[in-house]
Amino acid sequence: MKRTTTLTLGFIVVVCLVVIALMANQLRSNKDQAAESPETEAPTEKVAGIQHNPPSMEDVPDGPEGEAIKRGHLLFDDTSNVLRSEAASVEDGIARVNELSCTSCHAGAGTDEGVSSMVGMSAVYPMYIGRSGQMVTLEERINGCMVRSMDGQKFAADDEDLDAMVAYLTYISEGIPVGAELEWRHQNTIDDLPTPDVDNGEKLYQQSCIACHGESGEGTGSNTGPKLWGDGSFNDGAGIARMTKMAGYVQKNMPVGQENTLSDQEASDLAAYILSQDRPEWGNHDKDWPDGGRPNDIMTKERRDQVKDGTINWDEVLAKPEK
Ligand code: HEC
Ligand code: HEC
């Protein structure tokens with residue numbers, strides 16, 4: 001009995017030491033990253049045996065914690081319908097959130113390994129984000145997607161729905177140690193994009209994308225073929241409104257069922273076509289990347305107009321930001 005207690009205590013001490021060491025390391029590399037790379041980067045460390053293996057929703061425990069996880073899952077998977085149906089008025093609902101769900105981009109409610117998976121997020125945040133120029137908590141990162149990708153409003157800091165989202169993301173991150181390097185992160189990007197041909201992008205779009213996303217990008221449903229442009233889609237402050245990210249996302253994940261079949265050129269053409277269509281504008285471009293390193297490939301209203309009147313300089317758009 002005594003021997004077991006000593007062993008257990010010993011084990012707990014060792015675990016605590018490991019956690020403290022990992023956290024210290026994370027803080028250190030956060031600082032390094034902040035100085036080195038103003039772009040979003042992960043304060044991570046290789047840990048052997050990390051697996052993308054989120055637990056099933058069927059195994060959610062009973063009780064208040066379980067209820068929060070289920071609410072978080074519902075909010076993540078059906079964001080627009082849930083938040084709009086619970087808003088005080090139709091207008092409030094439209095202002096609250098666009099017509100997408102988090103699943104529209106983070107497939108399988110964030111558990112699809114290839115499609116911007118959310119597994120492990122509770123283990124890598126808080127971290128430094130260049131776009132914000134500061135340390136960002138998981139709550140703030142969720143709100144980042146709420147105001148950009150979801151073109152809506154933040155959850156208030158004391159909103160139980162925000163806690164529910166975090167509870168869900170923590171649940172699917174079970175077993176991932178703090179600060180671990182996640183191989184499935186940041187995969188959806190093409191850093192060296194060929195100069196796009198927008199007309200060819202349109203042709204490809206009409207061939208390969210309209211079945212699910214509609215002829216005019218209007219979509220067929222947030223989880224079957226989300227809106228790609230126009231009112232109700234993401235605004236131009238979203239990560240995916242950047243050429244490199246849109247092209248990477250499309251190449252790795254689209255068309256659903258034929259992933260990884262598009263060449264870099266085709267992905268570039270498609271990204272340029274989609275991102276030259278009208279969409280909601282982000283009001284705070286001038287406040288992003290306060291410490292420098294702003295990427296050049298953000299497709300703002302000015303750029304969309306340049307595509308329309310033929311004055312766009314793609315070399316400038318695709319140039320790497322100076323560090
Ligand atoms: C229109 C597409 C889109 C939608 C919708 C969207 N996101 Fe994202 N999200 C992204 C992209 C793109 C990134 C950046 C991924 C990268 O850098 O590889 C991202 C990143 C994130 C991250 C940080 C990931 C990391 O590895 O650091 C979190 C957390 C997140 N999103 C949560 C959400 C939540 C919660 C919702 C719903 C409220 C949501 N997102 C809706 C596109 C989207
Ligand atoms: C068979 C249906 C289907 C086809 C065909 C398809 N998509 Fe998708 N698309 C989806 C689904 C479903 C999602 C939501 C994420 C997921 O489940 O992978 C999605 C998500 C997206 C997103 C992110 C969400 C958003 O609102 O921006 C983009 C961008 C996208 N698709 C572009 C394309 C492009 C470009 C093509 C053609 C090359 C294409 N898709 C073809 C079904 C499809």
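Quick note: the coordinates plus some simple rules give every number you see, no bench work behind them. What you are looking at is a predicted structure, and each value in this text was computed from that prediction instead of being measured. All Cβ positions, even for glycine, are placed from backbone atoms using ideal geometry, and neighbour counts span all protein chains on display.
Treat the count of other C-beta atoms within 10 Å as a stand-in for reagent exposure and order S116, S216, S132, S101 from fewest to most.
Values: S116 22, S216 12, S132 17, S101 25.
Ordered from fewest to most neighbouring Cβ atoms within 10 Å, S116, S216, S132, S101 come out as S216, S132, S116, S101.
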At the level of C-alpha centres, the distance separating the stretch 228-250 and the stretch 261-323, in angstrom, is 10 Å
The stretch 217-323: GluC sites (Glu not before Pro) falling in loop per DSSP and having at most 12 other Cβ within 10 Å: E322
For the chain, take the longest principal axis of its alpha carbons; what is the angle in degrees between that and the long axis of helix 264-275, to the nearest 10 within 0 to 90? 80 degrees
Longest principal axis of the chain (C-alpha) makes with the long axis of helix 64-77 (C-alpha) an angle, in degrees to the nearest 10, of 20 degrees
Any aspartates and glutamates whose Cα falls less than 13 Å from that of K46, other than same-chain ones fewer than 8 residues away, would be E181, E183
Correct semi-axes for the stretch 60-181, from √(5λ) of the alpha-carbon gyration tensor and rounded to whole Å with the largest first, are 22, 18, 14
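About the Cα centre, and with charges only on the beta carbon of Lys, Arg (+1) and Asp, Glu (-1), how big is the dipole of the stretch 60-181? Nearest 20 debye, please. Could the numbers behind the result be given before it?
Working: 8 positive and 21 negative charges, 88 e Å.
Magnitude of the dipole: close to 420 debye.
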Could you tell me which of the pairs K70/K154; K154/K287; K203/K252; K154/K320; K245/K308 are separated by over 25 angstrom between their Cα atoms in the structure shown? K154/K320
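Which translational diffusion coefficient, to the nearest whole µm²/s, is obtained for the chain from the Stokes-Einstein equation, given a Kirkwood hydrodynamic radius over C-alpha pairs, 25 °C and 0.890 mPa s? Write down the numbers at each step before the final one.
On the way: Rh = 21.0 Å.
Translational diffusion coefficient: 117 µm²/s.
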Compute the long axis of helix 160-172 from its Cα atoms, compare it with the longest principal axis of the Cα atoms of the chain, and write down the angle in degrees, 0 to 90, nearest 10. 80 degrees
With a point put 7 Å past each Cα toward its Cβ, work out how far N284 is from M135 in nm, to one decimal. 2.0 nm
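222 nm [θ] for the chain, helices only, -39500 (n - 2.57) per DSSP H run of 4+, per residue, to 500?
On the way: 14 runs with 146 residues, N = 323.
It lands at -13500 deg cm²/dmol.
Provide the gained length on full extension for the span V256 to N223, in nm with one decimal, where the gain is 0.36 nm per separating residue minus the Cα-Cα distance. Intermediate results must be reported in sequence, preceding the final value.
Numbers: separation 33, 0.36 × 33 = 11.88 nm, distance 1.15 nm.
Stretched out fully, the V256 to N223 stretch lengthens by 10.7 nm.
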Three-way shape label, the stretch 114-174, alpha-carbon gyration tensor, a/c 1.5: rounded
Just subtract the alpha-carbon distance of E174 and V90 from 0.36 nm times their residue separation and send over the number in nm, one decimal. 26.5 nm
